[in-house]
Amino acid sequence: MMEALPAVVPVAAARPRRQVWSVGGGKGGIGKSLLTAALGFQLARLGRRVVLVDADLGGANLHTCLGLAGPALTLGDFICRRVERIEDVLVETGVSGLRLISGASDFLGAANIKYAQKVRVLNRIRSLEVDIILLDLGAGTSFNIIDFFLVSDVGILTVVPEPTSIENGYRFIKSALYRRLRAAAPSQAVRAIVDSALDQKNPLGIRTPLDLLAVVERADPAAVPLLRKEMGAFHPRFVINQVRDPADAAIGHQLVTACARHLGVKAAYAGYVPFDDTVWRCVRQRRLFASAVPDCPSAQKVRELARGLLQGESLALTW
Amino acid sequence: MVAVLGGNHYEVLGIDARATPEQVERAYRFCLEMYGDSSIAIYSLLDADEQRRARSRVQEAYEVLRDPFRRHDYDVSQGFVRATPPMPAPPRAAAGPVPLPAPPPPAPRPPAPQVLEGPVDGATLRRCREERGISLKEIAGRTKIGVRYLEYIEADRHELLPAPVYLRGFLQEYARATGLEPRRTADAYMSRLRRHPDPTR
C-alpha cells in the first residue's frame with residue numbers, strides 16, 4: 001500500500017535517498033578496509049542506514065575489521081546463486097544501522113566475475129532499503145574494481161603518504177577515467193585512441209588525459225566537448241591515511257592541485273586520518289577502533305570525514 | 001616543447017589576481033614544496049626535467065608577483081588593471097585653497113596617487129586596496145593604525161570609528177598606504193558621515 005504523496009515535495013527530497021559510496025586505492029595494505037569499516041560505523045552513528053559491502057572479492061576481510069567471524073553466507077553465495085536473495089547474505093554487525101555483506105573469499109573465481117554478474121550484483125545491492133551502500137574495493141586497477149568505483153555516487157580514493165601509494169593512486173585515477181572515456185567515446189577512432197592511451201608507452205605519446213584530449217582534438221574535434229564533459233563529471237575524493245605530521249596532511253592539497261594541472265581531473269581532498277597506535281592495537285584484538293576507542297584521534301577524524309562527505313564538503317586550500 | 005605549467009603568473013601559483021602579498025608568499029611556498037625534489041605528490045606525474053621546468057616557471061611567476069612595482073606593470077600588461085590614470089586637474093570652482101600640486105614623480109614608478117571619482121565608501125577603499133594586493137596588516141604596520149579600525153573603515157561601521165578629527169587622519173594614512181590621494185579620499189569618505197558632522201571642516 002502506498003501512502004498518498006504530500007502535495008509539496010520538500011526540498012531535501014531532491015537529494016538521492018540511496019547512495020553508493022566506494023573506497024578504493026591502487027595499493028594494498030594502506031588501510032582501505034579499516035577505513036571503510038570505520039566510515040560505515042560513523043555514518044551509522046550519524047543516523048544513516050548503512051550496508052558495508054566487501055567487494056574485495058579476492059581478499060575479503062571486512063568482517064575481521066568489524067570484529068566479526070567469517071559469516072556463513074557471503075556475496076559469493078549470491079553470485080553463484082546458492083541463495084536467491086541478496087538479503088540472505090546480509091548480516092547484522094551489532095552496531096545499530098550498520099549491516100554487512102561479506103566478501104567472497106570462499107569462492108576463488110570471484111575476483112573475475114563476468115560483467116553480467118557484476119551488473120546483477122550491483123542492481124540487487126542498489127535495491128536494498130538503506131541510505132548508503134559502502135563498497136570496500138580491493139587493491140589494484142582491474143576492471144571489476146574500477147567498474148564498482150565508476151558507478152558510485154561518491155568515489156573515495158585512499159592513499160598513504162608514500163611514493164608507491166601515490167603513484168598507484170594516480171594510476172587508479174587514469175585507469176578509471178580512461179574506462180569512463182572509452183565507454184563515452186562517440187566513434188571507433190576515439191575508442192582506439194583511448195585504448196592506446198592505456199599503454200603508458202603508446203606511440204601517440206599520450207601520458208595523461210590532457211594529452212589524450214590533444215590527440216582526440218586532431219583526430220575528431222567534435223568528440224572533445226563530450227570527453228571534457230565526462231572528465232568534468234569524474235570527481236574522485238582523496239583520503240590520506242596514516243598521516244604522521246602536518247606535511248603529510250598537506251599532501252592532499254598537492255594531489256588535488258596536481259590532478260587539476262597535470263591530469264585535467266577535478267579531484268577533492270575529503271580528509272585525512274592520523275597514524276594511530278590505537279588502530280594497530282585494535283586490529284590485533286580484532287576490534288574496530290572507531291567503536292572500541294571512540295575518542296582516539298583516528299576515530300574522531302573518520303567522524304569528521306563522514307560528516308564532510310555527507311555534506312559534500314572537502315578540505316579547501318586557503319592561502 | 002609543451003609548457004609544463006601553462007597560464008599567467010597567477011595561474012602558475014594557483015592564486016587569484018587580487019591575492020595579497022602574504023597569499024603570494026604562501027602559494028609560492030606551496031608550489032616550491034609540491035615541485036620540489038623530495039615531493040612525493042609529483043614524482044610519478046612529471047619527469048625530472050619537467051619538474052625542474054615547473055619549478056623555474058614558479059620562480060619566474062613569484063619574482064614578478066612579489067615585487068609591487070613589477071606586479072603592477074604585469075597586471076597592466078595583462079589587462080588585469082587599468083594603468084593608473086594621470087591626476088585630473090583640480091576643478092577651478094573648488095572652494096578653499098587650491099589643492100597642492102602633485103609632488104614631482106621621483107621615478108617613473110611608483111604610480112602617482114589615484115584620485116577616486118564619485119562617492120567613496122568602505123567597499124571602494126577595500127577594492128582599491130585589494131587591486132593593489134596590499135593587506136590590511138601591511139597598512140597597519142606602515143601607519144600604526146590598528147587592523148580593527150581599518151576593518152571598520154572598510155566595513156563602514158561608522159558608529160565604531162573614532163571622532164572625526166582622528167578619523168580624518170586615519171583615512172589619509174590609509175589612502176597614502178594604498179596609493180590614493182590622501183586629502184580628497186578622506187574628504188570623499190567623510191562627506192558620507194551624515195550623523196557625525198566633521199568639526200574640522
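The values are calculated or read from the model by the stated rules, or taken from the named source; none is laboratory data. Quick caveat: nothing in here was measured; it's all calculated off a predicted structure. Every residue, glycine among them, receives a Cβ derived from its backbone with ideal geometry; neighbour counts consider all protein chains shown. Each accessible area value is taken on the protein alone, full model and side chains, heavy atoms only, with ligands, DNA and RNA left out. Shrake-Rupley method; radii C 1.70, N 1.55, O 1.52, S 1.80 Å.
Given the conditions (1) in contact with a Phe, Trp or Tyr (Cβ under 9 Å, 6 or more places away or on another chain); (2) within 25 Å of A:Leu309 (Cβ to Cβ); (3) at pLDDT below 95, which single one is not true for A:Val151?
Unmet for A:Val151, out of (1) in contact with a Phe, Trp or Tyr (Cβ under 9 Å, 6 or more places away or on another chain); (2) within 25 Å of A:Leu309 (Cβ to Cβ); (3) at pLDDT below 95: (1).
Would you confirm, using the coordinates I've provided, whether A:Leu98 is within 21 Å of A:Ser291 (Cα to Cα) and modelled with pLDDT of 85 or more?
Details: within 21 Å of A:Ser291 (Cα to Cα): yes; modelled with pLDDT of 85 or more: yes.
For A:Leu98, the condition - within 21 Å of A:Ser291 (Cα to Cα) and modelled with pLDDT of 85 or more - is met.
Which one of A:Ala270, A:Ala258 is of a type outside the set (D, E, K, R), buried (at least 20 other Cβ atoms within 10 Å of the Cβ) and away from chain B (no Cβ under 14 Å)?
The conditions single out A:Ala270.
Looking only at the stretch A:243-252, filter to residues that are more than 7 Å from chain B (Cβ to nearest Cβ) and in a helix (DSSP H, G or I); which one of those is surrounded by the most Cβ atoms within 10 Å (Cβ to Cβ)?
The qualifying residue surrounded by the most Cβ atoms within 10 Å (Cβ to Cβ) is A:Gly252.
Out of the stretch B:16-27, which residues are assigned to a helix (DSSP H, G or I) and more than 10 Å from every other protein chain (Cβ to nearest Cβ)?
B:Pro21 - this is the single residue of the stretch B:16-27 that is assigned to a helix (DSSP H, G or I) and more than 10 Å from every other protein chain (Cβ to nearest Cβ).
If A:Ile240 meets every condition in (1) under 20 Å from A:Leu39 (Cα atoms); (2) away from chain B (no Cβ under 14 Å) apart from one, which number is that one?
All conditions are met except number (2).
For the stretch A:118-133, name all the residues that are in a loop (DSSP other than H, G, I, E, B) and open to solvent by less than 50 Å² (accessible area, probe 1.4 Å).
Answer for the stretch A:118-133, where residues must be in a loop (DSSP other than H, G, I, E, B) and open to solvent by less than 50 Å² (accessible area, probe 1.4 Å): A:Leu128, A:Val130, A:Asp131.
In the stretch A:168-191, what residues are in contact (Cβ under 8 Å) with a residue 24 or more places away in the chain, assigned to a helix (DSSP H, G or I) and not aliphatic (A, V, I, L, M)?
A:Asn168, A:Gly169, A:Tyr170, A:Arg171, A:Phe172, A:Lys174, A:Ser175, A:Tyr178, A:Arg179, A:Arg180
Any residue that is assigned to a loop (DSSP other than H, G, I, E, B), of a type in the set (Lys, Arg) and under 30 Å from B:Arg66 (Cβ atoms) - is there at least one of those in the stretch B:137-148?
yes
Can you tell me which residues in the stretch B:30-64 are open to solvent by 20 Å² or more (accessible area, probe 1.4 Å), facing chain A (nearest Cβ under 10 Å) and in a helix (DSSP H, G or I)?
Hits for the stretch B:30-64 are B:Phe30, B:Glu33, B:Glu50.
What's the total number of residues in the stretch A:265-290 that are in a helix (DSSP H, G or I), touching a helix residue (DSSP H, G or I) at 6+ places or on another chain (Cβ under 6 Å) and of a type outside the set (A, V, I, L, M)?
Residues in the stretch A:265-290 being in a helix (DSSP H, G or I), touching a helix residue (DSSP H, G or I) at 6+ places or on another chain (Cβ under 6 Å) and of a type outside the set (A, V, I, L, M): 3 in total.
Sort out which residues of the stretch A:297-319 are surrounded by 17 or more Cβ atoms within 10 Å (Cβ to Cβ) and aliphatic (A, V, I, L, M), and write them in order of number.
A:Ala299, A:Val302, A:Leu305, A:Ala306, A:Leu309, A:Leu310, A:Leu315
Taking B:Ser44 as the residue in question, decide whether it is hydroxyl-bearing (Ser, Thr, Tyr) and more than 20 Å from B:Gly179 (Cβ to Cβ).
Considered against the rule, which asks whether it is hydroxyl-bearing (Ser, Thr, Tyr) and more than 20 Å from B:Gly179 (Cβ to Cβ), B:Ser44 comes out as yes.
Yes/no matrix, rows are residues, columns are (1) of a type in the set (A, V, I, L, M); (2) within 16 Å of A:Val160 (Cβ to Cβ):
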{"residue": "A:Arg244", "(1), (2)": "no, yes"}
{"residue": "A:Cys259", "(1), (2)": "no, no"}
{"residue": "A:Pro274", "(1), (2)": "no, yes"}
{"residue": "A:Phe289", "(1), (2)": "no, no"}
{"residue": "A:Ala292", "(1), (2)": "yes, no"}
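Pick from the stretch A:160-192 the residues that are of a type in the set (Ser, Thr, Tyr) and within 16 Å of A:Val239 (Cβ to Cβ): which of them is farthest from the other protein chains (Cβ to nearest Cβ)?
Selected residue: A:Ser165.
With the requirement that a residue be among the hydrophobic types (A, V, I, L, M, F, W, C) and in a helix (DSSP H, G or I), what does the stretch A:50-105 give you?
Within the stretch A:50-105, A:Leu62, A:Cys65, A:Leu75, A:Phe78, A:Ile79, A:Ile86, A:Val89 qualify.
Give the residues of the stretch A:134-154 that are open to solvent by less than 10 Å² (accessible area, probe 1.4 Å), touching an Asp or Glu at 6+ places or on another chain (Cβ under 9 Å) and not in a loop (DSSP other than H, G, I, E, B), sorted by residue number.
If the condition is that a residue be open to solvent by less than 10 Å² (accessible area, probe 1.4 Å), touching an Asp or Glu at 6+ places or on another chain (Cβ under 9 Å) and not in a loop (DSSP other than H, G, I, E, B), then A:Leu135, A:Asp136 are the ones that fit.
Let's see how each residue does on (1) surrounded by fewer than 24 Cβ atoms within 10 Å (Cβ to Cβ); (2) of a type in the set (Val, Ile, Thr):
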position	(1), (2)
A:Val50	no, yes
A:Leu57	no, no
A:Cys65	no, no
A:Ala69	yes, no
A:Thr74	no, yes
A:Asp77	yes, no
A:Cys80	yes, no
A:Val83	yes, yes
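For the structure I just gave you, tell me whether A:Leu157 is open to solvent by less than 20 Å² (accessible area, probe 1.4 Å) and within 14 Å of chain B (Cβ to nearest Cβ).
When the stated conditions are applied, A:Leu157 passes them.
Being among the polar types (S, T, N, Q) and at pLDDT 85 or above is the filter here; which residues of the stretch B:130-150 pass it?
Filtering the stretch B:130-150 for residues among the polar types (S, T, N, Q) gives B:135, B:143.
Listed by number, the list holds a single entry, B:Ser135.
Does A:Asp195 qualify as being over 21 Å from A:Leu39 (Cβ atoms), more than 14 Å from chain B (Cβ to nearest Cβ) and open to solvent by 20 Å² or more (accessible area, probe 1.4 Å)?
Numbers: over 21 Å from A:Leu39 (Cβ atoms): yes; more than 14 Å from chain B (Cβ to nearest Cβ): yes; open to solvent by 20 Å² or more (accessible area, probe 1.4 Å): yes.
Yes.
Would you point out the residue of the stretch B:133-153, among those that are in contact with an Asp or Glu (Cβ under 9 Å, 6 or more places away or on another chain) and closer than 18 Å to B:Ala19 by Cβ, that is most open to solvent (accessible area, probe 1.4 Å)?
It comes out as B:Lys137.
Out of all the residues in the stretch A:205-213, is one or more over 29 Å from A:Ser314 (Cβ atoms) and either in a helix (DSSP H, G or I) or free of Cβ contacts under 8 Å to residues at least 12 places away in the same chain (or both)?
Yes, there is a match, as at least one residue in the stretch A:205-213 is over 29 Å from A:Ser314 (Cβ atoms) and either in a helix (DSSP H, G or I) or free of Cβ contacts under 8 Å to residues at least 12 places away in the same chain (or both).
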